[in-house]
Structure formats: C-alpha cells, structure tokens
Amino acid sequence: MLLLCVGLGLPGLAAALPQASRPQNLSFAPAPAWVDAQAVPLDAVAPAEGLSQGQHYLLADEQVRVVGTTQTDYHHVAVRAVNERGVEEAANVQIRFDPSYQTLTIHRIEVRRAGKTVFSVPAGSVKLLQREASLESLVFDGRLTAHVALQDVRVGDVVETVYSRQGHNPVFGDHQFGSFDLEWGVPLARLHARLLWPRGRPLHWKLHNAAPAARVTEAGGELDHRWQQRDVAARTVDSGSPGWYDPYNWVEWGEFEDWAAVAHWALPLYRLPDGATPAVDREAARIAAQTTDPEQRLLAALRFVQGQVRYLGIEMGVNSHAPHAPELVLQRRFGDCKDKTLLSLALLRRLGIPARAALVHTGLRQAAAERLPTPWAFNHVLVQADLGDRRVWLDPTRTPQAGKGLDQWVQADFGRALLVDAGTRELVPMAGLQARALKREVRAVLDASAGFDQPAMLTVTTHAWGESAEQLRDALATTARNDLQKQYLDFYAASYPGLAVDQPYTVNDDRDANTVEFVEHYRMPSYWKRDDKRARWTGDLEVPDLLEWLRSPQRVNRQSPLALRHPVDFTLISEFRLPGKWDVKPDPLAIDDPAFELHRDETWKGSVLLLTDHYLSRSNHVAAADMARYAEHLDKARTGVNYNLYHADAAAPEPAPAPGADSPHWLPLTVGLVSLGGLALLLRRLYRWDPAPVPLPPGGGVAATALGGWLWLPILGLIATPFRIGKVLMESVPAMTVQGWTLLSRPGSATYHPLLAPVMLAELVLNLAIAGGAVLLLWLMARRRSSLPRLYIGWWLLVFVALVFDAITYYVIPSLQAQWTGKEIGESVRTALSGVIWVSYFLRSDRVRRTFVNRRHPAVMAPPEAATERPADRPADTVAGAAEAGPQSAASTPV
C-alpha cells in the first residue's frame, strides 16, 4: 500500500489506475448459442493419488471463437470438494479479466449436491475486486477479479463455474493467438477444448510433447477444432526444475506465420517518436558533452536509465506490450522494461549509436525458439546496440552497473532474442554464457600458530568479478551493515563454534574494473580440541564456502531435471597456519562429473598448509536419469574435502591406555581363531586331495623332471603373498583392540558405519584364507603335485572375490571412499589382469601338464606280462621303451 500511495502522488499514475468497480464490464446471461455444452461426469471417482487442495476436477471445458478481431473465451469448470480443505477452495470462486478491453459474462455459478442444484449465485451478488497480483514485483496490470463466496458448501458438493470473456487486446492488432492445456498438475476426469476459426483464414499450430492433433470439422463457414480426453492423469514438475522445462501436453495456435511476422508486429511499438523530445534531448546533450567515445556514451546512457529511472510497471491494456513515450517516462522517472528500453533507444539515437529492442524470455531462455511464433514467447525486453561490428546486449532494468568499458560490463544473456528490426528472420544468440559467468575467489586464512591452547584468528577475503561483483554490491546496498555482518558471522560460526567478529568487515569497490574485495575478520577462543586420552590435539579444517556448491539435492529420485547455476568459476584458497612441526603427505583430489568438476591441490610449507580448491560448473542442469550419479559425485566431493589434523604431544609421554584398552577385542579375536581352525582343516583336506593328473596331449612329450620356465613367476608371487597379507593384518591390529573396535562399532563415533565392523571381519577371513592358500600352493608346487593346477585356479578365484568385495566396500562406506584412490584402483586392476593371465596359462600350458604329475601315493604298475600286450598300431620297441622309463613313467600312468 505504501508503494501505491507514493505512486498516486506522481503525475499520470492516478489516471492510469482503473476504478475499483466497473459494472458495465460484468453481466449475467445464458451461454452463447455457438457453445457446445459438455456434461459433468458426476459419477467420476477421485483417484487415490495426485489430488491437490482437497479438490477433484470433474470437467475443464474451454471453447474459443474468433470472429474478425473479436475473441470470445468460454469456460466451464466443475470441481468436487473431497475434504474440508477442498470446501475452502471450491467455495471461493475467482475470475480475472482486463476491463480495459474485456467484458465478463457469468452464465451460472452453482453448487450441486447428490446430483441436484442446491444453490445458484444470483445476479448482482458478484463483487469486483482490484487485486494486483504482481504488486510485489512493482507491476500494475489493472485487471479485476470477480469474486463470489459461496454459501453452505459441504464435502462431496460439486461447484460449477460457467463464464465467458469477450474482447481482444488492441495492442496485438488483427493477430489472434492462444493455447490449450491438455494436461494439468492435478487429475482431470474430463477435458474438452475447442477452437472455432473462420474458414480460409490462415492458422498455425504447434503441438508440444506429443500432444494429439485436433479433430477438425466444418460447419457454417467455420472450422471446428476439438480435443476430448477422459481420466487425464496429473503431471507434476519437481521443484528446482529449470524454467525452460515444460513436460505438459499442450497446443499453441495463432496467426503469426514466423518470427519475422512477430518482429514486424513489434516494430511500431518501439518506433521512436518524430515530434519534439526536449527532456530526452537535454539528457543526450549532457552525455555528449562529457565524451566523444561511442562506447562511453553508450554506457553513460544506460547508467542514466538504470539509476535515474526507477522500475515500476503500469501495464494496463495496450501497455501490457506497448511502452510509454520516452518524454513521459523521463517526466515520471519510473517505467518498466519496455519504457526503459524505449527511453534508452531514444537517448542512443540522439548520441548516434545504432540500437534496437530485443525481446527475450527470462525463464525459457534458448527454449523460446521452440515456441510457436507469438508475442507470448517473450516476457522481457532489453537493448541491443552496435559499436562498429560489435553487437552489445544491455539491460536497462538492472541496478546501475559498473565497469570502465564493455570488457568489464556484464552484458545480458537469455539464450536467444528476437530483434525488433525490419531485417529479422529468426531468433539470434545473445552475449553467451561467459557474459554472466559467476566468478569468485575466496581466501580464508586461519591463524592458529600461537599455540594449541591459544586463541586463533580467521580472515576471509572475497574477490568478486563481473556478475558476482554486482551481486555482492547489491547485497551491500540493500542490507543493513549490522544485518549483513551477522549473516556472514552465522555462516562461518556453523563451522567454527565460538567465532566472534574481531573487526568490522571492509569493502574495496573498484567500479572501473567491476571488482569488489570484501574482507572479514574473526577470532575464536580456541581452534584446537584436546584429546587427553590420546595425548594429542585435533582440529577440523572446514571449507564452508566450497560446501555451498556441493550441497546434496533435496531429492535424488526426480522425474524432472535439476536446475543448476551456470556458469560458475569458484576458487577457494584455504591457508592454515599451524603450531609445531608437521610431516604430512599431500593428498590431491579430483572429481569429474558432467555437471561440475572439482580439483584440490595440497601444499605444505613447514607449518603452513595451503589447500586450493577449484570448482567449475559444466552444465545448467542435471537430467533426472543422471541424478544418482550426480549425488554420488557430490557426496564423494564433500567427503574428499574434509580435512582433519592430529598433533601428538611432543614433550609429554604418551598416556597409559586404560586397562585392557590395547588388548584384543573378543569378537575379532574369536573370528580370527575360528577362521584359523577352519582354515587348517580345509587346507589339510585340500592337501590330501589326490586327483589324477591331466592327460598329456598326443605328441605332448614326456613329463618334466623339475620346475622351470614361466612357472618361477607365479612361485615368486605366492612367496610374496603371505608377507603382503601379514603387513595388511598388522596395520589392522589397532582396530582389533578393545579401544579401536569400540570406536569402530559404536554408533555416534566419528568412524562409525553399520557395515564397517562386518566388513573388517570379512576382510580378516579373506586375508587369512588367501595367505594360507598361498602357503599350501607353494608346498604342492615344490612336490609337483597333480592337484596344484586346479587348486591354483581356485585360489585366484578367491582373490577375484576379495577384489570385488573391496571395490564394493569402498563404494558403499563413505568414510572409505577417500582411500579408493587412483593408485588403489590401478593396483586392483593389475592384480586382476595378472590373475586372468595366470589362470589362462595354467589352463592351456603343456608345461603345466608335464610338470604337475606326481600324486600323493604312487600308482601301482601293471604286471610285466601286461606290458607285452600292445595295440596293433604301436611298434613293440615303443612299448618296451615306455617300460624302461622307470618309476617316473609308471607314476605318470594311472591304473
């Protein structure tokens, strides 16, 4: 109301606002004869899901008739209140219309109960209200709302509202256009849409998202286009979806042949007046006297309109799309995007700079090109100017922009624009993504070098360029200093408890370079936390500025894409000045996702740790099908940037552990002992397994007498395996103690995860099995036992199981993901490839067949006389030679 009162005190605004009630625009009458009334499906059953506000829409009937320059929209809506909330909604009927060019005719508003009409709104009981829906956006459109508060509406009642609006906004001239929604965000029992169009008059269509084509008939010189659907399911759009995302079935219709026709329609609206414009001329002369440089003149004109003409839209009737005269705008010192654009064009013409209006859509952006050519494809207008061969895009509705020249100026970019120019044929690209890139660098210095038990200081310096600088500049201009200081304090205090302001923030605004430096100073009584039990100090290195870009989405299971801020170029340099000496191995981080990339470099210089994090966006959205991958990479990034420091006391001896704290925990000890016992029994049975050797192929030669060739390589690998496994088991011993296992398995501890303890027990069993198997295989290899090849292949299968188990563990348990580095992955891949190679070798190698032929119990030789019996096709000397081969030959021939 305050804004409205201020506006009323200005010349011309009071006359522009409509009166509170204009009865001549409202009437009661029967429906027009051309309307094909549709029956309400009163027997429709409300679906179990999808209802909103306690209402079930039974009928949505919209019929449009175009005759000459007159358009009549007929609407019949029937809704059932399914609960008390639905009663509140259905009992308040509201119909909006523009009295400057429309008349509203109410045909009937009724309440039906059990199929019978129990209440009808009498003529004269409808109130007209002026409710400016866009008042908070400083826009007055002058539309009125016909309102009826129905009496005695109950759960189960059906409210029917039937009305027509007649009229056509003269700003569109002879062009008629519109659309029909064939899907809603709520279930719909029956939908009917109809367009009556003069036969022979050009008409263009656009069907969106596989919307069905109309059924067309002809009668009385009119084409009758119809859509009829029943039981239309609700289609919902998830919150946070991009503005261009529109999955609904709907159709557009209109008379504009192409985008050139739309530009031709807009040309007269933005044609500069031919008469005298003394106020505009004076301002242009002032700017011209300051500089002769066209670039500086252009920026000065835009700054004047941005700063000296406030935003306020009087968008009634034709002024919904037609701007007010520049002289009037300059006199009022207020205007909307159309008014500011035409005033800018008038100034630029006087300054000799070619420029034109550009129509854009701030939500659809580049998707505006996919719409049917109509004025409805746009919701904003700005300035496109030419400086030599350079095309410049400037928005006069922004707050006064900074920048010495165009290189520092933030140009407008909404994807595609329609130039209001006689030569326009299609929408053209704008300034490009980099024109609105959000570039910011934050340097946080945490100085805790005074000592572990001393106060620490935190200094945060933010450097912002371009779009980011303008956002920060706007926050400084619109937020009280104390409030802004508290907002930033609360932000960092969430990461550093006890934080307080040490000095008020300072600002260095370089408007020529369009950069802002914002410096904050904080102190904390203690950064380090004391762990007396372990005689050490601990500290968490937080990066809250970076985590703002790594927030997990509220919903991963989405049907709609997720909108992202893009492009973003954010760098966080965290410098931690620490007490004492530190010996830490740097651990870089790299996350690559189609939507973003994050890289961390870690540098140690004595007692100073420098972390440099660089976040770069790659897309303005994430597809619904990619949300799981995106959320996984965000989680991996958040885990990877966490940094914890531990510093043990140098002077004091390690405190004695609590009694029994370093003794083995009963659970892993029991599992280990049971596993060893079971493993011993299994290895004994495998050792006693005595299969026949694999037969040699025909012509494969005789059995080998010793190990040799490539077999030495797997032997060396088996020898090294128990040592590697032993090293792993020794490293896990601290976790198997009473103290370590308690921290591991206690909910609420820093290392707790419900799967971590079971995983460690499983790893213990697997490692013991692999080490024990390696020892058995070495013994069998030394004796060249016939069971060795098959047991060796089985051992590798066990190794493969362990590798897969490790990979799944790293994926499932977040605290272990940081350990799943490229080095670990590479080692696992190399192990798997080695296994594939050696398994293949033991399956195919003749040397393996000829080497591992010994059995645990030597085979009994055949009687001597049996050797004299020979096949008819083998010479006698061959059989004799075999008999003379001695024990080795006998051992290789099973009975």
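The values are calculated or read from the model by the stated rules, or taken from the named source; none is laboratory data. Bear in mind the structure is a predicted one, so any value in this text is a computation, not a measurement. All Cβ positions, even for glycine, are placed from backbone atoms using ideal geometry, and neighbour counts span all protein chains on display. Ligands, DNA and RNA are stripped out before the accessible areas are found, and what is left, the full protein with its side chains, is counted by its heavy atoms. Shrake-Rupley method; radii C 1.70, N 1.55, O 1.52, S 1.80 Å.
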Q. Restricting the search to region 424-468, which residues are within 29 Å of PHE256 (Cβ to Cβ), open to solvent by less than 60 Å² (accessible area, probe 1.4 Å) and modelled with pLDDT of 95 or more?
A. THR424, LEU427, VAL428, MET430
Q | Pairs, first touching a residue at least 24 places away in the same chain (Cβ under 8 Å) and of a type in the set (A, V, I, L, M) in region 313-326, second open to solvent by 20 Å² or more (accessible area, probe 1.4 Å) and in a helix (DSSP H, G or I), C-beta under 6 Å, six or more apart | A | ILE314/ALA16; VAL318/PRO170; ALA322/LEU269
Q: Within region 695-730, work out how many residues are closer than 27 Å to THR831 by Cα, open to solvent by 50 Å² or more (accessible area, probe 1.4 Å) and at pLDDT below 80.
A: 2
Q | Every pair of residues 6+ apart whose Cβ atoms lie under 8 Å, when the first sits in region 489-503 and is farther than 15 Å from VAL543 by Cβ while the second is modelled with pLDDT under 95 and open to solvent by 40 Å² or more (accessible area, probe 1.4 Å) | A | GLY498/PRO525; GLY498/SER526
Q: Being surrounded by 14 or more Cβ atoms within 10 Å (Cβ to Cβ) and either among the charged types (D, E, K, R) or more than 34 Å from the chain's Cα centre (by Cα) (or both) is the filter here, so list the residues in region 511-529 that pass it.
A: ARG511, GLU517, GLU520, ARG523, MET524, SER526, TYR527, TRP528
Q: Would you list the strands (runs of 3 or more DSSP E) that sit entirely within region 527-642 and hold 2 or more residues that are under 27 Å from PRO497 (Cβ atoms) and among the polar types (S, T, N, Q)?
A: 568-577
Q.
Of everything in region 358-397, what is in contact with a Leu (Cβ under 9 Å, 6 or more places away or on another chain), farther than 19 Å from ASP336 by Cβ and either among the hydroxyl-bearing types (Ser, Thr, Tyr) or free of Cβ contacts under 8 Å to residues at least 60 places away in the same chain (or both)? Give them in sequence order.
A. ALA368, ALA369, GLU370, ARG390
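Quick check on region 335-342. Is at least one of its residues under 28 Å from PRO99 (Cα atoms), out of contact with any Gly (no Cβ under 6 Å at 6 or more places or on another chain) and among the basic types (Lys, Arg)?
Among the residues of region 335-342, at least one is under 28 Å from PRO99 (Cα atoms), out of contact with any Gly (no Cβ under 6 Å at 6 or more places or on another chain) and among the basic types (Lys, Arg), which makes the answer yes.
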Q. Do we have ALA872 as more than 30 Å from ASN767 (Cα to Cα) and at pLDDT below 80 here?
A. yes
Q.
List the residue pairs whose Cβ atoms are under 8 Å apart, where the first residue sits in region 234-245 and is basic (Lys, Arg), the second is surrounded by fewer than 17 Cβ atoms within 10 Å (Cβ to Cβ), and the two are 6 or more positions apart or on different chains.
A. ARG235/GLY185; ARG235/PRO247; ARG235/TYR248
(Q) Go through region 534-560 and report how many residues are open to solvent by less than 40 Å² (accessible area, probe 1.4 Å) and within 30 Å of PRO579 (Cβ to Cβ). (A) 9
(Q) So in region 162-183, with the set limited to residues that are over 40 Å from the mean Cα position of the chain (by Cα) and assigned to a strand (DSSP E or B), which one is farthest from GLN102 (Cα to Cα)? (A) VAL162
Q) Would it be correct to say that GLN408 is part of a helix (DSSP H, G or I) and open to solvent by 30 Å² or more (accessible area, probe 1.4 Å)? A) no
Q) What number goes with the only condition from (1) in contact with a strand residue (DSSP E or B) (Cβ under 7 Å, 6 or more places away or on another chain); (2) open to solvent by less than 60 Å² (accessible area, probe 1.4 Å); (3) over 30 Å from ALA412 (Cα atoms) that ALA563 does not pass? A) (3)
(Q) For a quick check of your reading of the model, give me the residue pairs whose first member lies in region 203-216 and is closer than 20 Å to HIS175 by Cβ, whose second is open to solvent by 70 Å² or more (accessible area, probe 1.4 Å), with beta-carbon atoms closer than 7 Å and at least 6 apart or on different chains. (A) HIS204/GLU257
Q) Only one of (1) touching a helix residue (DSSP H, G or I) at 6+ places or on another chain (Cβ under 8 Å); (2) assigned to a loop (DSSP other than H, G, I, E, B); (3) closer than 23 Å to HIS614 by Cα fails for PHE491. Which number is that? A) (2)
**Q.** Scan of region 49-81 for residues that are open to solvent by 50 Å² or more (accessible area, probe 1.4 Å) and among the hydrophobic types (A, V, I, L, M, F, W, C), ordered by number
**A.** LEU51, VAL67
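Quick grid of which residues meet (1) among the polar types (S, T, N, Q); (2) modelled with pLDDT under 95; (3) buried (at least 17 other Cβ atoms within 10 Å of the Cβ); (4) under 24 Å from VAL186 (Cβ atoms):
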| residue | (1), (2), (3), (4) |
| --- | --- |
| GLU84 | no, yes, no, yes |
| ALA91 | no, yes, yes, yes |
| PRO99 | no, yes, yes, no |
| GLN102 | yes, yes, yes, no |
| ARG108 | no, no, no, yes |
| THR117 | yes, yes, no, no |
| LEU129 | no, yes, no, no |
| ALA149 | no, yes, no, yes |
| ASP157 | no, no, yes, yes |
Q) Would region 208-220 turn up any residue that is modelled with pLDDT of 95 or more, polar (S, T, N, Q) and either open to solvent by less than 60 Å² (accessible area, probe 1.4 Å) or touching a His at 6+ places or on another chain (Cβ under 9 Å) (or both)? A) yes
**Q.** Pairs where the first residue, in region 607-621, is touching a residue at least 24 places away in the same chain (Cβ under 8 Å) and aromatic (Phe, Trp, Tyr) and the second is outside any strand (DSSP E or B) and open to solvent by 40 Å² or more (accessible area, probe 1.4 Å), C-beta under 7 Å, 6+ apart
**A.** TYR615/TRP549
Q: Of the numbered conditions (1) under 33 Å from the mean Cα position of the chain (by Cα); (2) part of a strand (DSSP E or B), SER468 fails exactly one; give the number of that condition.
A: (2)
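So that you can scan it fast, the table gives a plain yes or no per residue for (1) open to solvent by less than 50 Å² (accessible area, probe 1.4 Å); (2) small (Gly, Ala, Ser):
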{"position": "GLU597", "(1), (2)": "yes, no"}
{"position": "ARG600", "(1), (2)": "yes, no"}
{"position": "LYS605", "(1), (2)": "no, no"}
{"position": "LEU611", "(1), (2)": "yes, no"}
{"position": "SER617", "(1), (2)": "yes, yes"}
{"position": "MET627", "(1), (2)": "yes, no"}
{"position": "ALA637", "(1), (2)": "yes, yes"}
{"position": "TYR643", "(1), (2)": "yes, no"}
{"position": "TYR646", "(1), (2)": "no, no"}
Q: Within region 411-428, track down each residue that is free of Cβ contacts under 8 Å to residues at least 60 places away in the same chain and not in a loop (DSSP other than H, G, I, E, B).
A: ARG416, ALA417, VAL428
Q | Matching residues, region 347-358, being assigned to a strand (DSSP E or B) and either over 23 Å from ALA412 (Cα atoms) or open to solvent by 20 Å² or more (accessible area, probe 1.4 Å) (or both) | A | ALA355, ARG356
